[in-house]
1. So, A:G217, is that one within 13 Å of A:F133 (Cβ to Cβ), free of Cβ contacts under 8 Å to residues at least 40 places away in the same chain and either buried (at least 24 other Cβ atoms within 10 Å of the Cβ) or away from every other protein chain (no Cβ under 14 Å) (or both) or not?
2. Check whether at least one residue in region B:210-229 is outside the structural domain of B:E327 (by TED's automatic domain parsing) and farther than 28 Å from A:V248 by Cα, and report yes or no.
3. For residues in region A:127-171 being at the interface with another protein chain (Cβ under 10 Å from one of its Cβ atoms) and of a type in the set (V, I, T), which is farthest from A:F225 (Cα to Cα)?
4. Among the candidates A:A84, A:A12, A:A29, which residue alone is modelled with pLDDT of 95 or more, crowded, with 18+ Cβ neighbours inside 10 Å, under 20 Å from A:A320 (Cβ atoms) and among the small types (G, A, S)?
5. Just to verify a result, which residue in region B:262-312, among those that are at the interface with another protein chain (Cβ under 9 Å from one of its Cβ atoms) and of a type in the set (A, V, I, L, M), is farthest from the chain's Cα centre (by Cα)?
6. Is there a residue in region A:237-256 that is more than 7 Å from chain B (Cβ to nearest Cβ), modelled with pLDDT of 95 or more and either within 15 Å of A:N184 (Cα to Cα) or within 26 Å of the chain's Cα centre (by Cα) (or both)?
7. What do you reckon, is B:A174 closer than 19 Å to A:G217 by Cβ and more than 9 Å from chain A (Cβ to nearest Cβ)?
There are 2 protein chains.
Amino acid sequence: MASTRARIAVDAMGGDFAPNQIIAGAIRASAELDVDVLLVGDSQQIESYLQHHHHPSNVEIVHADGVVTMDEEPLTAIRRKPNASINVAMDLVKDKRADAVVSAGHSGAAMASALLRLGRLKGIDRPAIGAVFPTILAGKSVIVLDVGANVDSRPKYLEQFALMGTIYSKYVMAVEDPKVGLLNIGEESSKGNDLALRTYQLLEANEKIPFIGNAEGRDVLSGRFDVIVCDGFVGNVLLKFAEAVGEVMLQIIKEELPQGIRGQLGTALLKPNLKRLKQRIDHAEHGGALLFGVGGVCIISHGSSQAPSIFNAIRQAKDAIDNQVLERIQAYNEEHQQETQTNTETVNQ
Amino acid sequence: MASTRARIAVDAMGGDFAPNQIIAGAIRASAELDVDVLLVGDSQQIESYLQHHHHPSNVEIVHADGVVTMDEEPLTAIRRKPNASINVAMDLVKDKRADAVVSAGHSGAAMASALLRLGRLKGIDRPAIGAVFPTILAGKSVIVLDVGANVDSRPKYLEQFALMGTIYSKYVMAVEDPKVGLLNIGEESSKGNDLALRTYQLLEANEKIPFIGNAEGRDVLSGRFDVIVCDGFVGNVLLKFAEAVGEVMLQIIKEELPQGIRGQLGTALLKPNLKRLKQRIDHAEHGGALLFGVGGVCIISHGSSQAPSIFNAIRQAKDAIDNQVLERIQAYNEEHQQETQTNTETVNQ
């Protein structure tokens with residue numbers, strides 16, 4: 001466990017419901033979780049909200065000018081607006097005033113800002129966004145990465161994603177013996193596209209990765225795997241489909257159940273059970289995605305995040321900090337590089 | 001409309017519940033749809049089933065020896081077992097004794113058999129499997145192709161898929177003005193992997209394709225698109241995820257709703273509404289996937305198909321035949337090739 005309280009920089013200006021819902025989620029986290037919160041954004045707007053509600057002593061305001069909007073090209077905007085909320089939040093981590101950033105703003109901008117300001121971890125070629133999916137087994141989740149940081153990935157990127165996912169699964173999700181899968185179109189090792197075929201061989205050969213084979217689309221939810229790696233193109237399509245499917249299911253339930261008099265009565269009786277059902281299905285009830293491979297803990301929340309999602313994202317950030325995900329990835333990479341060097345030396349002798 | 005009744009060859013031996021559930025679905029179709037059915041498989045087993053039930057006059061038995069099993073390598077098996085049920089069914093179409101094949105067996109084997117026996121349509125480089133997904137708009141579906149016939153597709157394959165999907169949407173799904181999308185990770189034309197970027201340009205330039213832009217994962221269910229094209233790798237992952245998600249949702253509903261006394265009472269009252277809900281969610285209630293681009297109508301049903309799925313697949317086959325999908329794709333390709341030639345001549349002058 002970390003010796004000090006985790007300090008989370010929250011981008012108060014990013015997201016469809018910024019700043020109010022973001023601040024509300026952050027305040028709840030400051031009260032219920034053992035964290036300090038730095039609210040980054042327009043100080044006037046933030047102060048005005050806090051005056052009308054409550055300003056906890058462990059919530060600090062850090063002023064920022066402007067925000068990267070959804071229609072901006074991320075890299076250009078990040079460079080042109082050095083004082084935008086996402087940049088100021090990343091700088092807090094860079095300057096060691098915060099341990100993590102949570103943002104529901106432009107995810108491309110968050111990634112670009114993290115890369116420029118925090119850099120990549122040693123031994124990691126590309127960052128990856130990891131998203132936690134629920135499975136059919138109650139209480140069991142799976143982390144899928146990459147869900148959109150990269151397209152046209154190379155096998156060695158996916159190998160690095162597998163490693164980072166394994167560490168996250170083991171130390172943050174507390175899976176004693178994580179099982180890693182490669183997203184593919186069949187179970188056999190001979191199945192797949194060129195990327196999958198080549199990645200399979202790397203994963204199988206790497207003793208540090210508990211690879212158990214290919215995962216098909218259905219296996220994302222089956223609970224057979226704790227970590228599933230894929231290129232960011234297919235991962236992003238899958239994530240956005242999964243988010244939408246939850247909404248569609250809830251709407252179909254809302255349309256069909258209350259039909260007729262018996263339907264209305266039955267639905268009324270089921271109110272608490274339907275609420276629990278919604279919690280299991282709705283992506284808004286789950287936290288954000290984690291940006292792996294950069295020099296800081298970054299949680300990228302959904303643009304439509306409201307207070308509960310921001311609260312969950314802050315908890316995720318705290319979990320990653322307390323369980324030293326970054327340090328463990330770095331330690332592995334150093335060890336791994338030494339081994340590779342030793343192997344090379346052996347070969348050269 | 002076709003001048004004669006559609007004749008459907010049904011692979012009675014393929015699928016987890018073959019032959020009984022397959023035969024049951026075929027018999028129902030022979031009674032309720034205006035079709036002739038050819039049941040292809042072990043004649044003793046089929047006859048024995050029909051004797052215990054009922055042998056309609058429009059159901060013919062065609063004997064076949066053996067079946068391609070799920071663990072066989074498709075191309076090898078198709079070649080080594082010329083009299084397997086899927087091959088005999090394809091031969092019926094080749095010999096013009098049937099207009100379509102329906103199979104719930106090994107989908108790779110069905111594709112290999114179709115390619116070897118029926119060949120590709122002129123102007124089509126690769127076949128594609130198209131699957132119909134429900135959308136959030138009641139009564140509106142979208143056809144997604146390719147969901148697994150190819151991996152590492154080229155832009156021109158996806159262009160051909162878009163064309164075939166448009167024809168299917170217009171003439172079989174009766175969408176007057178179909179809207180075509182390219183599955184991608186963002187709406188902007190600058191988003192995506194190399195394949196998506198290059199395909200976007202082709203689709204935009206092709207006047208015969210009513211392309212309206214990129215479709216994200218969430219758009220598969222939104223009802224904004226009638227046809228969505230993608231490489232078979234991402235399409236297959238999406239399809240298998242979507243099938244599983246339906247099952248997972250139904251299980252979560254089954255687990256959560258009846259909890260407690262009020263829950264049991266409410267669930268009992270909702271029985272008919274829950275049944276309707278299941279019909280909208282469950283993939284087994286929908287039909288099969290269509291193999292586009294080969295010289296015959298082929299419906300590939302899910303391996304777990306039971307009688308209702310087979311019935312739906314036969315209806316799909318009949319719809320494709322009655323609406324002359326093959327003929328229309330061929331006509332387009334001939335027209336398109338003439339145009340290309342004319343353009344080339346103009347350029348050469």
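1. yes
2. Looking for residues that are outside the structural domain of B:E327 (by TED's automatic domain parsing) and farther than 28 Å from A:V248 by Cα, one finds none in region B:210-229, hence no.
3. Filtering first and then ranking leaves A:V151.
4. A:A29
5. Per the stated criteria, the residue is B:L265.
6. no
7. So B:A174 fails the test.
The values are calculated or read from the model by the stated rules, or taken from the named source; none is laboratory data. What you see is a predicted model; the values in this text were computed from it and never measured. Here the Cβ is made from the backbone with ideal geometry for all residues, glycine too, and neighbour counts use every protein chain on show.
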